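Structure, as structure tokens:
The values are calculated or read from the model by the stated rules, or taken from the named source; none is laboratory data. Predicted, not measured: the structure shown is a model, and the values here were computed from it. We place every Cβ from the backbone using ideal geometry, glycine too, and count neighbours over all the protein chains shown.
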Amino acid sequence: MNYQPVIGLEVHVQLLTNTKIFCGCPTTFGSEPNSQSCPVCLGLPGALPVLNRKVVEYAIRAGLATGCEISPRSIFARKNYFYPDLPKGYQISQYELPICVGGHLDIELEGMVKRIGITRIHMEEDAGKLVHGDLPGLGDGSGVDLNRACTPLLEIVSEPDLRSADEAVAYLKKLHQIVVYLGITDGNMEEGSFRCDANVSVMPVGSETLGTRAEIKNVNSFKFVKQAIEYEIERQIDLIEDGGKVVQETRLFNPDSGVTRSMRSKEEAHDYRYFPDPDLVPLVISDDWVEETRRSLPELPEARRIRYTSELGLSTQDAEVLTSSRELADYFDACLSLGCHPKSAANWIMGEVTRGLNDKGLAIASCPVTPRLLAGLLGLMDKGTISGKIAKTVFDEIWQSGKEPAQIVEEKGLLQVSDTGALEKIVDEIMAANWGQVEEFRGGKEKVLGFFVGQAMKASKGKGNPAVLNELLLKKLKGEG
């Protein structure tokens with residue numbers, strides 16, 4: 001019997017706010033344990049939560065970017081369960097009335113577009129963190145770090161529309177790109193800023209009855225998500241075909257062994273004893289606030305890709321690369337605003353700029369060659385002041401010194417030679433030294449022209465104007481001058 005996987009994802013996005021969701025404690029990653037906590041995030045008696053407005057704004061941004069309806073009224077609920085790192089004994093989340101509902105993302109895989117529904121987006125606080133091992137001043141054991149407690153999260157819940165691990169990864173990558181573009185998270189998966197729980201089940205092909213699902217908890221890399229889902233699909237099929245039954249449970253994925261293992265039985269909603277949080281009033285969002293937030297949204301990657309291909313004439317591949325990060329796309333747009341030709345700017349950004357960044361391990365924001373300097377360099381090429389080969393030398397010098405392109409060209413004597421007399425002398429000398437190739441050209445082997453162009457550029461130390469050299473070479477090789 002053939003089986004069809006059914007996958008739904010619950011993605012947790014840690015928000016890029018300066019303070020926590022219900023108190024004024026900072027959210028700086030990597031601080032001393034328990035140095036960023038207060039009576040509110042410690043759950044001390046009598047401490048009352050106060051909602052961070054920025055968290056609500058970020059939730060609205062995420063909802064608008066994913067086609068959700070923004071609820072005019074939503075409420076916070078207490079989700080009751082016991083973890084050693086959950087100080088209050090409950091988590092403040094949203095249940096019956098979340099802030100965003102009914103959205104979608106379109107993913108593309110193997111040339112096919114598929115729409116994945118988004119059930120809801122809701123706000124909640126994170127728990128703390130258990131630390132195991134050799135602890136400073138405590139020795140070998142376990143400790144609780146509550147710096148992360150009360151850190152703001154968005155939980156983005158998909159419909160069970162995904163049918164393979166590859167579709168799940170495509171969905172996650174697109175969602176990750178969007179939330180980072182929006183500026184609501186840094187998306188750092190290693191630090192847990194973007195992580196997901198995957199609900200996986202299988203059912204016979206053609207069946208409309210969903211199988212029993214298992215939840216794979218807290219997977220924080222695209223690679224591990226793919227491995228975990230594929231393993232879980234295979235595990236469930238093997239179990240069913242051996243006469244067993246899939247148990248509804250929460251499982252953990254071990255990236256070293258590549259397998260999932262049981263963590264605990266899966267709770268249902270009633271196990272959490274949800275009820276409205278009496279310390280937080282219902283959240284009312286006006287239409288004006290929604291529209292104000294909509295106007296502040298950046299141009300999202302899909303819209304940018306369409307603009308780059310339809311308006312600027314770039315290839316789909318070029319558009320994909322340039323929109324891979326908001327910062328890279330912003331850099332490209334800045335070059336365009338300074339008058340750069342789209343294709344030329346794209347080639348240099350995907351070539352020399354990216355190479356330099358990769359070599360030095362830099363982000364585009366730290367690139368020594370700013371859009372203004374790159375635009376100046378490309379302008380010198382467009383005017384014929386320097387050749388493409390010399391431009392790369394100038395680029396490297398800009399990277400090192402930060403000097404203006406025109407200044408470097410002048411100081412190093414790199415002006416392109418377009419004087420016909422000087423170049424004609426070079427051409428004559430090269431032809432005389434390579435008469436055999438001249439006869440090959442005149443015998444119909446026109447590809448030999450490339451050899452002569454290369455020799456001429458070498459002889460002119462890269463300063464010869466390629467257009468002028470080509471014209472002179474063709475004329476003389478044909479015996480016309």
Candidates 329, 303, 346, 365, filtered to the one that is in contact with an Asp or Glu (Cβ under 6 Å, 6 or more places away or on another chain) and farther than 30 Å from residue 467 by Cα: 365
Search result, residues across segment 90-123 that are under 22 Å from residue 49 (Cα atoms) and in contact with a Lys or Arg (Cβ under 8 Å, 6 or more places away or on another chain): 90, 91, 92, 93, 95, 97, 98, 100
Meets criteria (in the same structural domain as residue 327 (by TED's automatic domain parsing), out of contact with any Lys or Arg (no Cβ under 6 Å at 6 or more places or on another chain), surrounded by 11 or more Cβ atoms within 10 Å (Cβ to Cβ) and not hydroxyl-bearing (Ser, Thr, Tyr)) for residue 273: no
Total residues in segment 355-369, condition closer than 17 Å to residue 391 by Cβ and touching a residue at least 12 places away in the same chain (Cβ under 8 Å): 4
Pick from segment 192-248, criterion charged (D, E, K, R) and touching a strand residue (DSSP E or B) at 6+ places or on another chain (Cβ under 8 Å), ranking: farthest from residue 28 (Cα to Cα): 235
Residue match in segment 43-58 (condition: among the aromatic types (Phe, Trp, Tyr) and either surrounded by fewer than 18 Cβ atoms within 10 Å (Cβ to Cβ) or more than 30 Å from residue 290 (Cα to Cα) (or both)): no
Residue within segment 136-146 that is out of contact with any Ser or Thr (no Cβ under 8 Å at 6 or more places or on another chain), of a type in the set (A, V, I, L, M), farther than 17 Å from residue 15 by Cβ and in a strand (DSSP E or B) present: yes
Residue within segment 61-77 that is assigned to a strand (DSSP E or B), free of Cβ contacts under 8 Å to residues at least 12 places away in the same chain, more than 21 Å from residue 298 (Cβ to Cβ) and of a type in the set (A, V, I, L, M) present: no
Selection within segment 226-266 - over 31 Å from the mean Cα position of the chain (by Cα), surrounded by 13 or more Cβ atoms within 10 Å (Cβ to Cβ) and under 30 Å from residue 49 (Cβ atoms): 266
The listed residue being charged (D, E, K, R) and farther than 26 Å from residue 232 by Cα, out of 186, 161: 186
Matching option when the condition is in contact with a Gly (Cβ under 6 Å, 6 or more places away or on another chain) and either of a type in the set (A, V, I, L, M) or within 30 Å of residue 359 (Cβ to Cβ) (or both), among 457, 431: 457
Members of segment 85-121 found to be touching a helix residue (DSSP H, G or I) at 6+ places or on another chain (Cβ under 8 Å) and buried (at least 21 other Cβ atoms within 10 Å of the Cβ), listed by number: 99, 100, 103, 105, 107, 116, 121
Matching helices (runs of 4 or more DSSP H) fully within segment 317-387 where at least 2 residues are over 26 Å from residue 414 (Cβ atoms): 326-337
Subset of segment 282-312 that is farther than 19 Å from residue 178 by Cβ and in contact with a Leu (Cβ under 9 Å, 6 or more places away or on another chain) - its residue that is surrounded by the fewest Cβ atoms within 10 Å (Cβ to Cβ): 282
Residue count for segment 174-205, restricted to those that are without any contact (Cβ under 8 Å) to a residue 60 or more places away in the chain and surrounded by 22 or more Cβ atoms within 10 Å (Cβ to Cβ): 0
Enumeration of residues in segment 161-173 that are of a type outside the set (S, T, N, Q), assigned to a loop (DSSP other than H, G, I, E, B) and surrounded by fewer than 18 Cβ atoms within 10 Å (Cβ to Cβ): 163
Number of the condition not met by residue 24 [criteria: (1) surrounded by fewer than 21 Cβ atoms within 10 Å (Cβ to Cβ); (2) assigned to a loop (DSSP other than H, G, I, E, B); (3) in contact (Cβ under 8 Å) with a residue 60 or more places away in the chain]: (3)
Residue count for segment 377-392, restricted to those that are crowded, with 21+ Cβ neighbours inside 10 Å, without any contact (Cβ under 8 Å) to a residue 60 or more places away in the chain and small (Gly, Ala, Ser): 1
Pair list, Cβ < 8 Å and 6+ apart or interchain, from segment 84-112 residues that are part of a strand (DSSP E or B) to residues that are aromatic (Phe, Trp, Tyr) and crowded, with 19+ Cβ neighbours inside 10 Å: 92/22; 92/76; 93/76; 105/171; 107/171
